[in-house]
1. If you rank Ser53, Ser215, Ser103 by fewest surrounding Cβ atoms within 10 Å, what's the result?
2. Quick check: the distance between the Cα centres of region 1-70 and region 151-218, to the nearest angstrom?
3. Which lysines have a Cα less than 26 Å from the Cα of Lys364, not counting those fewer than 8 places away in the same chain?
4. For Lys118, which lysines qualify as cross-link partners when the Cα separation must be under 29 Å and same-chain residues fewer than eight apart are set aside?
5. Report the Rg/Rh value for region 222-338, based on alpha-carbon coordinates and the Kirkwood definition of Rh.
6. Please give the peptides 236-243, 273-280, 324-331 ranked by average Cβ packing (other Cβ atoms within 10 Å per residue), highest first, as a rough proxy for protection.
7. Please list, in chain and number order, the residues 5+ apart from Ser72 or on another chain whose amide H is under 5 Å from its amide H, with Hs placed from the backbone.
8. Going from the alpha-carbon gyration tensor of region 66-180, what semi-axes, largest first and in whole Å, does one get by taking the root of 5 times each eigenvalue?
Amino acid sequence: MTFSTRMAQALDARRAADGWRQRRLVTRNDTRTLEVDGVTYRHFSSNDYLGLSQHPAVIAGWRQGAPGAGASGHVTGYSRCHAELETRLAEWLGYPRALLFISGFAANQAVVHLLAQKNDRLIADKLAHASLLDAASHTPATLRRFHHNDVMSLTQRLATPCDGGSLVITEGIFSMDGDSAPLAAIADATRRADGWLMVDDAHGIGVVGEQGRGSCWQQGVRPDLLVVTFGKAFGVSGAALLCSEAAADYFLQFSRHLIYSTAMPPAQASALLAALHEVQQGDALRQRLNDNIQRFRAGAAALPWRLMPSQSAIQPLIVGENGAALALSQRLAQAGCWVSAIRPPTVPPGTARLRITLTAAHQKEDIDRLLEALHDAAGE
Ligand SMILES: *Cc1c(COP(=O)(O)O)cnc(C)c1O
């Protein structure tokens, strides 16, 4: 089959399944509101959970750095901002070392690709992020998946013999369900099997745990490899791997993602230093976010769609079919609320959903208007 035929077939199939993904041109976005095609909506699809993308200190931080690193960190791209950010992240999260990556996607690919070799096995939660599962399926190691948040299922996978190393992979807070992994039990099972634990805490860092240190800190767990990302609660972009001295040295020596890619812009590292400060001092923001979460959950309990049992900023409402999820999303947009519908393959077939995200930037009236629109749609 030629490339053109294959593309045409795949595109037709996607259209037919109501699965077409449409980018929308956003002309203004202040986390609380969003302007699309000249219309302003209350914005319930942002991962900027603390509203830091709008914070004056973060914006000022960005202006203090150069727009480009000019080279990979191994050549001349490693600046004072990068070094200071790595040191502060490592101290804050209680690790010997931190290494910066250009994105969470890149960090996950780098870790999985570098570690997983022949005879090793990767044991990942079924709902782990595409960046982890994708990477895992392209290594010479065996990929096994365990049932979502199911420690028994993990233990069974770990019990089968393996000649190489075992890397257990999970998330702190799951991106499409909003629930938390039982990290202490997972860490225990992993340790007993002599494996390593990798946690991707994209949605927990900054949001939960003392000073916003994330899911692992909150649950008293220190995984061998912790990936935190800065495109969500930090309000910027980028990621870091927290690990031991030896692992950091190994990554610096051998990770092609670090060696053959331009370092994060110094401006971004500088903005992230400011964002880190705001996250550490962010108890009031986290309180406001939590108040919004509780207000939403109380008001959404009587809706006819299944609200996932999530205590996080991610509050998914399971609709089922793709078309129904899209229709509900459009109905909410008519009522002035922007909530993206998430469909397979991002989520399992038959579980298309509205992925409602709440932030510290929302006011009580925003939550109330969303609830009102949902109840109106339910009544129709
Ligand atoms: C968003 C996300 C990523 C990717 O991070 P980026 O910095 O956006 O590339 C990785 N893992 C999880 C769980 C995510 O939600």
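1. Exposure proxy ranking, most exposed first: Ser103, Ser53, Ser215.
2. Answer, in whole Å: 29.
3. Lys232
4. Lys126
5. When Rh is taken as the Kirkwood radius, the ratio is 1.10.
6. The packing order, highest mean first, is 236-243, 273-280, 324-331.
7. Here the answer is Gly77, Ala263, since their amide H atoms fall under 5 Å of that of Ser72.
8. In descending order the semi-axes read 31, 17, 14 Å.
Each reported figure results from applying straightforward, stated rules to the coordinates on display, with no laboratory input. The structure presented is a predicted model; accordingly, all values stated were derived computationally and were not measured. In this analysis, Cβ positions are derived from the backbone assuming ideal geometry, glycine residues included, and neighbour counts consider all displayed protein chains.
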